[in-house]
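Comments concern the structure below.
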Amino acid sequence: MHAPRLLGVVLQWLRVVLPAAWIVLQTHAGPVSVSVHPTRPSVRAETTRQFSARQHGACAPVTWSVNAIVGGSPAVGTITETGLYTAPSIPPLVPVFVRASISAPMASGETEILWQHPKPILNSLQPASFNVGRATIEILGIGFAPNAQVQINGTSIPAQRVSPDRIVVDWIATTSGSFTVRVANPDPGAIVSSGKSLRVLPPVSAKVSPTTRTMRLGASKSFSAYLANTTNKAVSWLVNGVPGGNATVGTIESTGLFTAPWAMPGSNTVQVTAVSVADPRARSSTTVTFVNPVPELLATDPGVLLIGPGTWILRGRGFVPGTTVKLGDEPVLASFLSPTELGITSTNPALPGGRITLKARNPDPWPASSETLVVRVEPSLPILTHRAAARFLEQATFGADPVGIARLRQIGFAAWLDEQFALPRSSYKASTSSSDSLTRQQAEFFVNAMRGSDQLRQRTAWALSQVFVISGVKTGQPRQMVPYQNLLLEDAFGSYSKLLRDVTLNPAMGVFLDMVNNDKADAITGAVPNENYAREVAQLFTIGTVWLNPDGTAQRTPEGASIPTYTQAEILETARALTGWTFPGKAITRGHNRENYSGPMIPVEANHDTGQKRILGGVILPAGLTATQDLDAVLATLATHPNVAPFISLRLIQQFVVSNPSTDYVARISTVFRNTDGNLGAVVRAILLDPEARAGDADNAPLNTFGGHLRQPVLYLTGMMRSLGATVVDNNPVESLAAEMGQKPFYAPSVFNYYSPFYRLPSGPLAPEFQLMNSATALVRANAVQSLITRNLDGNVRLRLTALQALANFPDELVDAVDHALLYGRMPAEMKAVITAAVEATEGSTERVRTALYLVATSGKYQIEH
Amino acid sequence: MKNHITRRTLLRLGLGGLGWLGATSPLARLGRLQAQAVPEDPDYKALVCIFLFGGNDGNNTVIPIQTGIQTHATYAAARGSGITLARASLPEIRASNGDIYGLHPSLAPLQALHQQGRMSVVANVGTLLRPLTKAQYDRGQVPVPTNLFSHSDQQQQWQTSPGLRTGWGGRAADILQALNGTASFPTGLSTSGNPVFLNGQNTKPASVTNGGLGLDGSDGSANANVRDAALQQLLTFDSGMSLIQAANRHMTDGIAAGKELNAALNSGGALQTVFPNTGLGSQLEQVAKVLKVRGALGMSRQIFFTSMGGFDTHSNQLPSHAALLAELGNAMAAFDNAIRELGLDGKVVTFTESEFGRTCQPSTGVGSDHAWGSHQIVMGSALRSADVYGTFPLLDLDGPDDVTGRGVWLPTASLDQYAATLASWFGVPDGSLATVFPNLPNFAQPKLAFL
């Protein structure tokens, strides 16, 4: 039985047993009595009730008390002077009586109060909702009686009443839905609260998006997890069950960003799983299928590729069996070693710029190419630096081509020279044409200059052709020019004396300087021997006009005047000594042979002046000598003149190396000239190996203020083309570019060549080639560069810019490559900065290459070979 | 070198020697040109040199027919059979003293100009350090210029005056450049490479040849602008090497001057005068075009250098020399027309130079050899009168004027006197003539009479 009910029974009993006392008390009072109304009311805890006192026979002030305590007490309830009673919050331990008393006359009345539990009120449920299953629910409110019961959907649930305002229940919800929770207080005054809604949610669920995914190895992609029936959205991620994954299966961050491994795991799929933090039972997985990665290239091993065939390792990641590799444009043999290593077997080319690009490509599934890797290519075991080799070749050939540089770096100067001296000569195809056109020969000249392997011989012949000049202006027929140029090629490394004799007796030279059919004085016509050859052979081919010191400087009188080497009278006499020569052909005793250029001129003694002559240098040729004897004497006189060594040495030094050689340099070469009896091969070797020629080879070589020489037009063109690995077609018109710059091959304006060896800059230094340089030709030179690099000279030059174009997205590398190709790494930093910025600002890969090439090739730094 | 100039139509401009030191920036020059406000100077004067490279044979350029000292027969005797011009073929001109000379038949176009008082001959001019006689020459008592018979030396000396490194045209420009005020365009202009003739101490010449006027590929596109700006920037770097600096200067000047002259020429309008389509014709046409825009360029004084090559007629001379002089005569006549068209009558004097004459005695091969004194042609209505000025040599081998026996004439007028006469007309004050021509004081009469 409940406690309140027991209390009610006790009180009921008391009312039965004790009525006499009431009656006695009231009766005893006589006519005066007091009664309290209402009688025996029920009052809920902490509620109030208004009492009133009825007086019979009196009308006195009433004093209210509870259980004899005026005004009551918290334990039994309180009452105001007006009779307003407030029930205590907890059940009173004794019966409670409210009494109204008057004092005059003394009387009182009372009634018992029946205390009841309050009505419980629910304020909140915590949680108000939860997922199906067991839950501890905290019920907050007020008026919960100690034995209060909890009802969920009318069913009482065991509950722990913690306090009048808190009850905790532990409940297992088996179904989802909406439930009503009530609290019931027991007797006395049993009462049920109004309901509060409790929501039971279905279980938490998780779903990962996307549900399947195919992705590249090495790539990163984000996954999302969607959780239902929970407000706690936190998930943890697993890859193949491993929290956060690992390098083998891929890793995943808390954000869901999954990074695939670079190598294929055992299977080509993995599971990516999201697990609800709120409810670990809630989880969802997705299958990731891996496909080939985009390969990444890091480096080659060794880091610099060696020119020629070889094997090496390409390092990177994302390689797969079947990864292919291109070196430049060419596929190379690549074997899969691991996802980070490929073994490469290739033949590495020598390229302009010394750099090559690498690209790897993975096959299906999902084929993909790597970014470009730029690698340097160098010869193996070089004994010369790139700069040293390139400078040397610039001086010794028609240009420093990448293949030639690589080879020279391996064999060195001396071996290279030996090789060159031994090579068979390229020569012009024989021609009997008497048409006034050397177009074919000009094209042939550039073909040989670009492709011929006997570069040193050709270059030497080209130099000699600018000393021993004939010109198409007067001798412009192939039958004239071809044998002459072949003569220079043949004699290029031989003795100077032989060259002088061959040149002198060459019929084209005979025509050009009027020695052919130059007969003794003719009394009938009044004509006397032509002085032309006699003068120019002295002035231009042998000794010059003034006496020289062995170092090439002019000898001076004490008064400072130069000293002439010959007089006009000696020229006249020398002309007489050189009479009597005609075209080759039948030996004749009088008259002239008809034009024929197939061999040396032959003498016709009847046409020879046999008188005594006092020739150059005052040498007396006695009367009666033959044409040959006189000629031999003249040539011997010239060839043995002390001027010849410095005279020829200076001109060749200027052609090969520098406009302003030191006097010591000239003196050293003069010595070689004399010591070798004018062996031109030895002279050329000495010129090229001289310390002054090689001084610029060192990486930190000091700048020579007056150093270098302007690239003559022909060498400007061939040098640029060879450095860039270009080729020319057989019938090329390259000569037209050279001609516009003032050097039409085989057409020097006169026997004085295209320029004078004595031409000086106004500031002082010798600068022969500058005679062709003015601001008009400066623009022409720039425009020739433009023609070459943009139009390949209208298609007649094959200038493949592919290797450089591959660098277009790497402006620094591109400019370095052009520097390497044209300036051998000597580009000053400020120049590099300007050109790199210009390249970066240029749109288009081809245009970028052209911009870089144009700016370097037109720069003074390039135009002056130094 | 064969001349392919005529297949081009545009002008190309360049600078010889040092380039020139413009006082103003290229932009400022351009701005001045666009203003087009510079009036033509009424006192404008120009000298035009035609240099005949190789040594023109004066003996067959001006031939005595009937003069006080000789006749055509004298000439024919000295020349021999191979290279003598027939008397009947010679267009005659008459000197003020009544002497009759013939011009080479190819110079017939100049005969009319002589009759109009617009052309004269200056006889027997050559390089000299001081006056001398044949006897002095024979004995070596009086110094003569070095290497008298060498092309290279004598070409140099005719352009510089013996012993000097700068050109007499350039030195005259040094004296007179102030007359050009603030004009940045150089006083000296060459249509033929880098002649030392125009190199002064302070003034630097420009040169024009036919062809493009600017940089190919400078098409105003973004890429081209990037390239050209970088090019300009690179040109400002000092490499510390003389030759590199010189190359950069030529390029710098070429770009700037190309823009300037191009702008001026575009403002000039077409010439009416038709020039012969020859090397010299094209060069003189270019000179005429520049003369036409002298106002736009802001010029008061200009010196031009043009040239022909091929005069080294050692052999087979008659046909080649005839062709050369035809080119010369026709081009000069056309140029005279252009002078009149441009209203420059009296303001332009055109003159020839050549490194030496040729032996009067023929050489084997039907030609002639290097000699010394020779005749020059001057043209322009500023001439005092049409005449044959100076002292014509007696064409006698081993005669009083022949220093070698082959008909090598001892000059009777020096290059310095010839040049000083031209420079004086051009405006060089008498007091400055010795500065421009240091050898001039050696001669009693500093100036010749033709101007």
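Bear in mind that the values in this text are calculations on the coordinates, not laboratory data. Predicted model only: the values in this text are computed from it and were never measured. Positions of Cβ are backbone-derived with ideal geometry, glycine not excepted, and every protein chain shown enters the neighbour counts.
So here's what we get for this one:
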item: Computed label-point distance, nm, for sites residue A:176 and residue A:329 using a 7 Å Cα→Cβ extension; result: 6.8
item: Sequence-distant lysines (8 or more away, or on other chains) whose Cα lies within less than 26 Å of residue A:586; result: A:429, A:474, A:498, A:520
item: Amide H contacts of residue A:209 (H built 1.01 Å from N, under 5 Å, at least 5 apart or other chain); result: A:224, A:225, A:226
item: Rounded to whole Hz, the Karplus (6.51, -1.76, 1.60) HN-Hα couplings of the range B:370-375, x for glycine and proline; result: 5, 9, 9, x, 8, 8
item: Using θ = phi - 60° and Karplus 6.51 cos²θ - 1.76 cosθ + 1.60, couplings along the range A:259-266 (whole Hz; Gly, Pro as x); result: 10, 5, x, 7, 10, 5, x, x
item: Value of D in µm² per second that Stokes-Einstein yields for the range A:745-786, Kirkwood Rh from Cα pairs, at 4 °C (1.567 mPa s); result: 113
item: Descending semi-axes in Å of the range A:554-644, equivalent ellipsoid built from Cα gyration tensor; result: 31, 14, 10
item: Inter-chain Cβ neighbour average for residues A:739-752, partner chain, 10 Å; result: 3
item: Among A:149, A:189, A:179 - extreme Cα towards positive end, dipole of the range A:121-201, charges at beta-carbon; result: A:179
item: Lysines whose Cα lies under 23 Å from that of residue B:134, excluding same-chain neighbours fewer than 8 positions away; result: B:447
item: Amide proton proximity set for residue B:51, modelled H, under 5 Å, gap of 5+; result: B:306, B:307, B:308, B:353
item: Radius ratio Rg over Rh of the range A:296-378, counting only Cα atoms, Kirkwood formula for Rh; result: 0.94
item: Computed over the range A:613-732, Kirkwood Rh from alpha-carbon pairs, angstrom; result: 17.4
item: Straight-distance crosslink candidates among lysines, where the alpha carbon sits under 28 Å from residue A:326 and sequence neighbours closer than 8 are dropped; result: A:359
item: Intensity falloff of the range A:750-817 expressed as log10 I(q)/I(0), Debye formula with alpha-carbon point scatterers, at q = 0.12, 0.14 Å⁻¹; result: -0.57, -0.70
item: Net charge dipole size for the range A:253-397 [Lys, Arg +1 and Asp, Glu -1 on Cβ; Debye, nearest 20]; result: 120
item: P(r) weight above 22 Å for the range A:219-325, C-alpha pairs, percent; result: 46
item: Chain B: C-alpha pair distances exceeding 35 Å, %; result: 30
item: Stokes-Einstein D for the range B:64-204, Kirkwood Rh over Cα pairs, 20 °C, 1.002 mPa s (µm²/s); result: 114
item: Residues A:740, A:559, sorted so that the one with the fewest Cβ neighbours within 10 Å comes first; result: A:559, A:740
item: Packing-based exposure ordering (other Cβ within 10 Å, fewest first) of A:730, B:57, A:279; result: A:730, A:279, B:57
item: Which of A:686, A:659, A:628, positive extreme of dipole for the range A:589-689 (C-beta unit charges); result: A:659
item: Ascending count of other beta-carbon atoms within 10 Å, so fewest first, for B:421, A:663; result: A:663, B:421
item: Ranked packing of A:152-164, B:168-180, A:509-521, A:358-370, most packed first, by mean Cβ within 10 Å; result: A:509-521, B:168-180, A:358-370, A:152-164
item: Per-residue mean of C-beta atoms belonging to partner chains within 10 Å, peptide A:817-830; result: 1
item: Over the protein assembly as shown: helical MRE at 222 nm, DSSP H runs n ≥ 4 each giving -39500 (n - 2.57), nearest 500; result: -9500 deg cm²/dmol
item: Expected-Rg normalisation [2.2 N^0.38 Å, Cα atoms] applied to the protein assembly as shown; result: 1.69
item: Charged-residue dipole, Cβ positions (Lys, Arg, Asp, Glu), the protein assembly as shown about Cα centre, Debye nearest 20; result: 5140
item: Cβ-based charge dipole, the protein assembly as shown, positive-most Cα from A:442, A:580, B:407; result: A:442
item: For the range A:708-865, the fraction of alpha-carbon pairs in successive 5 Å shells from zero, as %; result: 2, 9, 18, 20, 19, 15, 10, 5, 2, 0, 0
item: Scattering profile of the range B:168-239 at q = 0.11, 0.17, 0.22 Å⁻¹ [log10 I(q)/I(0), Debye over alpha-carbon scatterers]; result: -0.44, -0.83, -0.93
item: Residues whose placed amide H lies under 5 Å from that of residue B:364, excluding near-sequence neighbours; result: A:528, A:530
item: Chain A: relative contact order in percent, alpha carbon pairs under 8 Å with at least 6 residues between; result: 7
item: Number of partner chain Cβ atoms within 10 Å, mean per residue of B:192-200; result: 3
item: In degrees, nearest ten, helix A:386-396 long axis to first principal axis of chain A (Cα); result: 30
item: Square roots of 5 times each gyration tensor eigenvalue, C-alpha, the range A:121-201, largest first, Å; result: 21, 12, 11
item: Dipole in debye (nearest 20) - the range A:555-676, about Cα centre, beta carbon charges: Lys, Arg +1; Asp, Glu -1; result: 160
